[in-house]
1. Roughly how compact is segment 3-132, stated as its Cα Rg over 2.2 N^0.38 Å to two decimals?
2. About its Cα centre, what dipole magnitude does the chain give when the only charges are +1 on Lys and Arg Cβ and -1 on Asp and Glu Cβ, stated in debye to the nearest 20?
3. Can you find, among Phe71, Thr13, Ile25, the residue sitting farthest towards the positive end of the charge dipole of segment 7-72, where Lys and Arg contribute +1 and Asp and Glu -1 at Cβ?
4. Net charge near Glu59: determine it from the other residues with C-beta under 15 Å of the C-beta of Glu59, scoring Lys and Arg +1 and Asp and Glu -1.
5. Angle between the Cα long axis of helix 7-34 and the longest principal axis of the chain, 0 to 90 degrees, nearest 10?
6. Among the lysines, which fall within straight-line cross-link reach of Lys104, defined as a Cα-Cα distance under 19 Å, with same-chain neighbours fewer than 8 residues apart omitted?
7. For segment 2-65 and segment 87-122, what is the separation of their Cα centres, given in Å?
8. So for the chain, averaging the separation of alpha carbon pairs under 8 Å that are six or more residues apart and normalising by length, what relative contact order in percent results?
Amino acid sequence: MDLSLFALPSLVTLLAVVLYYGLGIGVGIARAKYKVPAPQITGDENFERTFRVHQNTLEQLAIFLPVLWLFSFYISPIWGAAIGGIWILGRIVYAWGYYAAAEKRSLGFAISSLATLALIIGSGIGIVSKILFR
C-alpha cells in the first residue's frame with residue numbers, strides 16, 4: 001500500500017483541526033467582545049451563537065474524523081479527501097451563517113451532514129465488501 005496516497009486525507013484532517021482551533025479562538029474573542037466571562041456560556045446572543053458553532057463542530061468532528069479515515073482506507077483516499085474538503089467548506093458556511101443568525105445555519109449544516117453521510121455509507125460499503133470479497 002502506498003502511504004503517500006494518505007497525504008490528502010491527512011491534510012483534510014489537519015485542516016479540520018485548524019478550523020476547530022480557529023473557531024475556539026473565535027469563542028475567546030467573542031467572550032471579550034460581548035463581555036461574557038468564563039465560565040458563563042450565556043448572556044449575549046452573539047456570543048452564544050459563536051459558542052454553539054464551536055461546540056457543534058466538535059460534536060460533528062467526533063463522527064467525521066473516523067469515517068473520513070475508514071472511507072479513505074476502504075474506498076479511496078482521494079475521494080475521502082475530496083468529500084472531507086466538502087465537509088470543511090460546509091462547516092465554514094455553517095459558521096458564517098450561524099454567526100449572522102441562527103436560522104441561517106441550515107445550508108452549511110446540510111452540506112457537512114451530507115458529506116458525513118456519504119463517508120458513513122461509503123465506509124460501510126467498503127468494510128462489508130472487504131469482509132465478503134476478501
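1. On the way: Rg = 16.5 Å, N = 130, 2.2 N^0.38 = 14.0 Å.
Dividing the Cα Rg of segment 3-132 by 2.2 N^0.38 Å gives 1.18.
2. Details: 10 positive and 6 negative charges, 11 e Å.
With only Lys, Arg, Asp and Glu charged at Cβ, the dipole is about 60 debye.
3. Ile25
4. Values: positive: Arg52, Arg91, Arg105; negative: none.
That works out to +3.
5. 10 degrees
6. Qualifying lysines at Cα under 19 Å: none.
7. So the two Cα centres are separated by 13 Å.
8. On the way: 145 pairs, mean separation 33.1, N = 134.
In percent, rounded to a whole number, it is 25.
Bear in mind these aren't lab numbers, they're just calculated from the coordinates by the rules spelled out. Owing to the predicted nature of the structure, the values given are computational and were not obtained by experimental measurement. Note that each Cβ is placed from the backbone with ideal geometry, even for glycine, and that neighbours are counted across all protein chains shown.
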